Ligand SMILES: Cc1cc2nc3c(=O)[nH]c(=O)nc-3n(C[C@H](O)[C@H](O)[C@H](O)COP(=O)(O)OP(=O)(O)OC[C@H]3O[C@@H](n4cnc5c(N)ncnc54)[C@H](O)[C@@H]3O)c2cc1C
């Protein structure tokens, strides 16, 4: 079977073959080879740990290779892109990180009012954000827009990125720092062994580990069932058009991300969202034809005169939503030497690298709450189920 997304079909300068044999031990085993897993492996290896990363499929085969590559830093310090820029310059790879600006279109006057309120309360120190009226949106996009668009919210500092080039670049850098990367190797079970070690059973044998990091999204609940109260999988749909003439310079969305899209360098438009078009509650990676049809209709309905197009790719991806919308980064409650980095929902690209760096530091320091109290996994469990600190 070929790669499921156009991002994953991109040629890779480095190959990551499945290992002939697994090492028998590692200081840290990282489970999951998406952005969070490769970032964690990278920082741990840089700190001198012997790291083994296990990925059940190919690197980036999960959400990290199925997203839109829209990179919108929020106000949290972990979303400051200084860390990304520094790593890209130190490690010398280019994941197509570009400043395009981002325009969100309000489809009702109420949403437009919420945009205005958001702009009004934004701290002066934050990157600028502007509320636009309808004329302002027309000026940014330079093309007709459907009547129901009341205005917009313009973030000049919005960025885009090629998410798979990011994952592969970080995996290559982690490997150069000594991490061992094992694609097509599924972790099956983690059990406490003798001498304070953990045993990770995999499809290629058992590895003894000093510590384990779960970077496998909501799949963490298979290993740590308590976390099923804190995190749940949600499916998103995407499609990619054939290459079209330049139409969208910035990344775009409607309202607060009900639909999101961007035009890639080759002219293809990648668009996702509209989950509410279908009542299906499935959380697998199968395409939902109702949502896909709604996505296909969206651009012609929103931009009068939009050209006819063929769809080149369709796919679905699973994101992991936490109970309060904040990620889980720190020790898994009621366990020893087991850590989690998950729960980033539909907004994992900006915080991923810095959150992983913070986790690596917290692991070294033995700080169970992780790098940021608001992300402490224990806080997401009800009552006293957060476990001992
Ligand atoms: C449709 C969609 C659109 C999105 N759009 C955006 C966007 O535009 N901007 C943005 O910032 N964020 C976006 N996101 C969110 C973003 O993609 C995620 O936050 C991020 O990729 C999560 O990375 P991860 O490493 O935690 O998960 P994943 O990339 O899913 O990685 C987890 C990996 O774990 C592996 N795994 C699972 N179980 C095991 C096991 N037992 N053993 C070994 N490996 C295992 C999986 O195969 C997978 O590769 C989107 C997500 C989706 C689904």
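Bear in mind these aren't lab numbers, they're just calculated from the coordinates by the rules spelled out. Just so we're clear, the structure is a prediction, and the values are computed from it rather than from any experiment. Cβ sites come from the backbone with ideal geometry, for glycine too, and all protein chains shown count toward neighbours.
With an 8 Å Cα cut-off and a minimum separation of 6 or more residues, compute the relative contact order for segment 1-158 in percent.
Answer for segment 1-158 is 20 percent.
Considering only 171, 117, 268, give the residue with the highest GNM mean-square fluctuation for the chain, with springs between Cα atoms whenever their separation is below 10 Å.
117
Using a Gaussian network model on the chain with a 10 Å cutoff between Cα atoms, which of 74, 92, 169 fluctuates the most?
Ranking 74, 92, 169 by mean-square fluctuation puts 92 first.
Based on alpha-carbon centroids, what's the gap between segment 228-285 and segment 25-45 in Å, whole number please?
Each part's Cα centre sits 28 Å from the other's.
With the cut-off at 25 Å, report for segment 39-154 the share of all Cα pairs above it, as a whole percent.
Everything past 25 Å amounts to 45 percent.
So what's the gap between the Cα centers of segment 101-141 and segment 304-344, to the nearest angstrom?
Between the Cα centre of segment 101-141 and that of segment 304-344, the gap is 25 Å.
Looking only at the chain, where both bridge partners belong to it, what percent of the DSSP beta bridges are antiparallel (to the nearest 5)?
Bridges in the chain that DSSP calls antiparallel: roughly 70 percent.
Using alpha-carbon pairs under 8 Å, 6+ residues apart, how would you state the relative contact order of segment 251-389 in percent?
16 percent
Where does helix 109-121 land angle-wise versus the long Cα axis of the chain, in degrees 0 to 90, nearest 10?
Helix 109-121 and the main axis of the chain meet at about 60 degrees.
Compactness ratio of the chain: Cα Rg over 2.2 N^0.38 Å, N = residue count?
1.00
Residues in segment 334-354, backbone N under 17 Å from the label point at residue 374 (7 Å along the Cα-to-beta-carbon vector): list them, ranges by number please.
Flagged as within label range: 342-354.
Report the gain in length on full extension from residue 135 to residue 14: 0.36 nm times residue separation, minus Cα-Cα distance, nm rounded to one decimal.
38.9 nm
Tell me the angle of helix 35-46 to the major Cα principal axis of the chain, expressed in degrees between 0 and 90 and rounded to the nearest ten.
It works out to around 50 degrees.
Between residue 25 and residue 85, what length comes free when the chain is fully extended (0.36 nm per residue of separation minus the Cα-Cα distance, one decimal in nm)?
18.3 nm is the gain from fully extending residue 25 to residue 85.
What angle do you read, to the nearest 10 degrees and between 0 and 90, between the alpha-carbon axis of helix 163-176 and the longest principal axis of the chain?
Value to nearest ten degrees: 30.
Determine the equivalent ellipsoid of segment 121-258 by diagonalising the alpha-carbon gyration tensor, then write out the semi-axes as square roots of 5 times the eigenvalues, largest first, rounded to whole Å.
45, 19, 17
Mind sorting 22, 328, 52 by how few other Cβ atoms lie within 10 Å of their own Cβ, fewest first?
In increasing order of surrounding Cβ atoms, one gets 22, 52, 328.
If we count other beta carbons within 10 Å of each Cβ, what is the order of 255, 284, fewest first?
Result, fewest neighbours first: 284, 255.
Using the Kirkwood formula over every pair of different C-alpha atoms, what hydrodynamic radius in Å results for segment 278-328?
Taking every pair of different Cα atoms in segment 278-328, averaging 1/r and inverting gives 13.6 Å.
Between residue 222 and residue 311, with labels modelled 7 Å along Cα→Cβ, what's the label distance in nm to one decimal, could you check?
Between residue 222 and residue 311, the simple spin-label model gives 2.8 nm.
Using 0.36 nm times the number of residues separating residue 120 and residue 242, minus their current alpha carbon distance, what extension gain do you get?
Value of the extension gain: 40.0 nm.
Would you calculate the volume per residue, in Å³, of the smallest convex hull containing every Cα atom of segment 75-127?
Dividing the Cα hull volume of segment 75-127 by its residue count gives 104 Å³.
In nanometres, what is the gap between the two model label sites at residue 145 and residue 189, each 7 Å from Cα along Cα-to-Cβ?
Each label point is offset 7 Å from its Cα along the Cβ direction, giving 5.6 nm.
Find the Rg to Rh ratio for segment 231-379, where Rh is the Kirkwood radius over alpha-carbon pairs and Rg uses the same atoms.
1.08
Quote the relative contact order of segment 120-210 in percent (integer), defining contacts as alpha-carbon pairs under 8 Å separated by 6+ residues.
17 percent
Tell me whether segment 332-389 comes out rounded, prolate or oblate; compute the Cα gyration tensor, take square roots of the eigenvalues as a ≥ b ≥ c, and use a/c under 1.5 as the rounded threshold.
Note, shape of segment 332-389 comes out oblate.
Can you pull the one-decimal nm distance between simple spin-label points at residue 361 and residue 324, each 7 Å off the Cα toward Cβ?
Between residue 361 and residue 324, the label points sit 2.1 nm apart.
Given springs between every Cα pair under 10 Å in a Gaussian network model of the chain, which of 191, 51, 240 has the largest fluctuation?
Per the Cα network of the chain with a 10 Å cutoff, 191 tops the list.
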